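Comments concern the structure below.
The values are calculated or read from the model by the stated rules, or taken from the named source; none is laboratory data. Given the structure is predicted, the values throughout are model-derived calculations rather than measurements. Don't worry about glycine lacking a Cβ; one is built from the backbone with ideal geometry, like all the others, and counts go over all protein chains shown.
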Amino acid sequence: MLSDSFIMLTQSQQHCIYTTENFVKNRLADDHSGHDFAHIMRVVKLAKQIQQTEPDSDCFVVIMAAYLHDVIDDKVMDNVITARQQLLEFMQLQSLCQTDIDAILAIIDNMSYSANLTEKKRLSLEGQIVQDADRLDAIGAIGIGRAFLYGGSKKHTMYDPDIKPRTSMTKADYRTPSTVINHFYEKLLHLKDQMNTQEGQKLALTRHQFLVNFVNQFEAEWEC
Ligand code: ADP
Ligand code: NI
């Protein structure tokens, strides 16, 4: 069912969203690291849900950024320079106005966890909504599944008690392999306290608790 705010969009905006959905589906068709089209659709759904609770936000920019947030990401795309060029060409072909293009790019350039490791980037309200939606999909049962899928795709070790989680990291450190369980300590368990919106904070609670229970159970089984 279409949400109220989707119905509020102009016909040309709705058409642009449908075209964007196909563009993203093609771009991410080969991903097996947990950043596939199903991840995008979950983020779009969560972003729409949060957007409904933030009436001052621009629904179109939220939806577009949610769809496009991983298509120029260095862990998903082999060549980020070409991917960025293709994204710009795609957006211009959709006759998006420059204000919307700039708003969408500012979100997808600055929302990632890795972009915020050494300094916290300023995000628009729309960016905060999409960041919350993306982070919600990194926690809970699906977040656990994605972390192991990612770790497997990069040939990371599942767990090694001798390799300690890192407490401060640059982007280069962050991309240096550790273990999947360390990723929980280095990122996933922090996300609950970094949610921007009230709705994001609310939705993060159950998912966070599921992570805590999982890590406790995992370590207990390892040690027994
Ligand atoms: P961002 O795109 O916000 O910088 P990440 O690069 O951490 O975020 O990637 C998003 C998702 O990819 C994570 O939520 C997790 O599922 C997976 N991921 C990234 N790095 C790792 C890692 N080192 N170990 C396990 N999963 C990872
Ligand atoms: Ni994502």
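Which of (1) in a helix (DSSP H, G or I); (2) within 21 Å of Asp58 (Cβ to Cβ) is the odd one out, the single condition Ala115 does not satisfy?
The single condition Ala115 does not satisfy is (2).
Give the residues of the stretch 171-197 that are among the polar types (S, T, N, Q) and exposed (fewer than 12 other Cβ atoms within 10 Å of the Cβ), sorted by residue number.
If the condition is that a residue be among the polar types (S, T, N, Q) and exposed (fewer than 12 other Cβ atoms within 10 Å of the Cβ), then Thr176 is the only one that fits.
Can you tell which of Asn110, Asn79 is without any contact (Cβ under 8 Å) to a residue 24 or more places away in the chain and in contact with a helix residue (DSSP H, G or I) (Cβ under 8 Å, 6 or more places away or on another chain)?
After ruling out the rest, the residue left standing is Asn110.
Output the residues belonging to the stretch 179-199 that are more than 16 Å from ligand 2 (Cβ to nearest atom), among the polar types (S, T, N, Q), in contact (Cβ under 8 Å) with a residue 40 or more places away in the chain and assigned to a helix (DSSP H, G or I).
Gln198, the sole residue that qualifies.
Scan the stretch 118-155 for residues that are away from ligand 2 (no atom under 14 Å from the Cβ), of a type in the set (A, V, I, L, M, F, W, C) and assigned to a helix (DSSP H, G or I) and report the count.
Number of matching residues: 4.
Of these, Ala133, Ala147, which one is surrounded by 17 or more Cβ atoms within 10 Å (Cβ to Cβ), within 12 Å of ligand 1 (Cβ to nearest atom) and within 25 Å of Met91 (Cα to Cα)?
Within the list Ala133, Ala147, the selection yields Ala133.
Yes or no: Thr82 in a loop (DSSP other than H, G, I, E, B), surrounded by fewer than 19 Cβ atoms within 10 Å (Cβ to Cβ) and away from ligand 2 (no atom under 16 Å from the Cβ)?
Taking the combined requirement at face value, the residue does not satisfy it.
This table checks each residue for (1) modelled with pLDDT under 95; (2) within 12 Å of ligand 1 (Cβ to nearest atom); (3) over 19 Å from Ser12 (Cα atoms); (4) β-branched (Val, Ile, Thr).
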{"site": "Lys48", "(1), (2), (3), (4)": "no, no, no, no"}
{"site": "Ala66", "(1), (2), (3), (4)": "no, no, no, no"}
{"site": "Ala106", "(1), (2), (3), (4)": "no, no, yes, no"}
{"site": "Ser112", "(1), (2), (3), (4)": "yes, yes, yes, no"}
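Which residue is farthest from Tyr18 (Cα to Cα), if the candidates are limited to the stretch 37-75 and must be free of Cβ contacts under 8 Å to residues at least 40 places away in the same chain and within 10 Å of ligand 2 (Cβ to nearest atom)?
Out of the qualifying residues, it is Asp73.
So, Ile40, is that one among the β-branched types (Val, Ile, Thr), within 13 Å of ligand 1 (Cβ to nearest atom) and crowded, with 17+ Cβ neighbours inside 10 Å or not?
yes
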